[in-house]
1. Would you check which residues across the stretch 58-95 are of a type in the set (Ser, Thr, Tyr) and within 17 Å of Ala24 (Cβ to Cβ) and list them?
2. Would you check if there is a residue in the stretch 33-47 being surrounded by 10 or more Cβ atoms within 10 Å (Cβ to Cβ), assigned to a strand (DSSP E or B) and among the basic types (Lys, Arg)?
3. Looking at Ser25, Ser7, Ser17, can you tell me which residue is closer than 16 Å to Tyr94 by Cβ and of a type outside the set (A, V, I, L, M)?
4. Kindly indicate whether Pro14 is in contact with a helix residue (DSSP H, G or I) (Cβ under 7 Å, 6 or more places away or on another chain) and either assigned to a strand (DSSP E or B) or surrounded by fewer than 18 Cβ atoms within 10 Å (Cβ to Cβ) (or both).
5. Please tell me if Ser17 is over 11 Å from the mean Cα position of the chain (by Cα) and within 22 Å of Met101 (Cβ to Cβ).
6. If you go through the stretch 89-112, how many residues are under 30 Å from Gly42 (Cβ atoms) and of a type in the set (Gly, Ala, Ser)?
7. What are the pairs, 6+ residues apart or on separate chains, where a residue within the stretch 67-93 that is farther than 18 Å from Val12 by Cβ and of a type outside the set (D, E, K, R) has its Cβ under 7 Å from a residue that is open to solvent by 50 Å² or more (accessible area, probe 1.4 Å) and part of a strand (DSSP E or B)?
8. Going through Ser17, Ser32 one at a time, which residue ends up being within 22 Å of Lys86 (Cβ to Cβ) and polar (S, T, N, Q)?
Amino acid sequence: EVLLVESGGGLVQPGGSPRLSCAASGLTVTNSVMTWARQAPGKGLECVSAIYSDGRTYYADSMKGRITISRDNAKNTVYLQINSLKPEDTAVYYCSAVLDMWGQGTQVTVSS
């Protein structure tokens, strides 16, 4: 069974700096694209950060400069460090995983 368990949230003061955790089982975080997304009340899901198997990272413009994504291979856990929290950061923060495995590809050629 593949299971992701988020933790580290709760009531935080403005300006606070929580670190969210995503503990994974049934997969290896280093072989996956790990993503953090959030959903504010009444709003859609917003991807805020991701880390790829090669270590490259992505940050949404809305939070770039305030957040850091990282992983602990030994614990098979991904973290999201959020600094300088704002009231508008209130949301449910979700973790997701996709196996970072690619095939060899197939050529598509369009000709007339």
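The values are calculated or read from the model by the stated rules, or taken from the named source; none is laboratory data. Owing to the predicted nature of the structure, the values given are computational and were not obtained by experimental measurement. Cβ sites come from the backbone with ideal geometry, for glycine too, and all protein chains shown count toward neighbours. Heads up: the accessible areas ignore ligands, DNA and RNA and are worked out on the full protein's heavy atoms, side chains in. Shrake-Rupley method; radii C 1.70, N 1.55, O 1.52, S 1.80 Å.
1. Step one: filter the stretch 58-95 for residues of a type in the set (Ser, Thr, Tyr), giving 58-59, 62, 68, 70, 77, 79, 84, 90, 93-94.
Answer for the stretch 58-95, where residues must be of a type in the set (Ser, Thr, Tyr) and within 17 Å of Ala24 (Cβ to Cβ): Ser70, Thr77, Tyr79, Tyr93, Tyr94.
2. yes
3. One residue alone meets the criteria, Ser7.
4. On the way: in contact with a helix residue (DSSP H, G or I) (Cβ under 7 Å, 6 or more places away or on another chain): yes; either assigned to a strand (DSSP E or B) or surrounded by fewer than 18 Cβ atoms within 10 Å (Cβ to Cβ) (or both): yes.
Judged against the criteria, Pro14 is a match.
5. On the way: over 11 Å from the mean Cα position of the chain (by Cα): yes; within 22 Å of Met101 (Cβ to Cβ): no.
In short, no.
6. Looking only at the stretch 89-112, we keep the residues that are under 30 Å from Gly42 (Cβ atoms), and these are 89-98.
Retained after the next criterion (residues that are of a type in the set (Gly, Ala, Ser)): 91, 96-97.
The number of residues fulfilling the criteria is 3.
7. Between residues of the stretch 67-93 that are farther than 18 Å from Val12 by Cβ and of a type outside the set (D, E, K, R) and residues that are open to solvent by 50 Å² or more (accessible area, probe 1.4 Å) and part of a strand (DSSP E or B), the close pairs are Ile69/Thr57; Thr77/Arg71; Val78/Arg71.
8. Numbers: Ser32 fails: within 22 Å of Lys86 (Cβ to Cβ).
After ruling out the rest, the residue left standing is Ser17.
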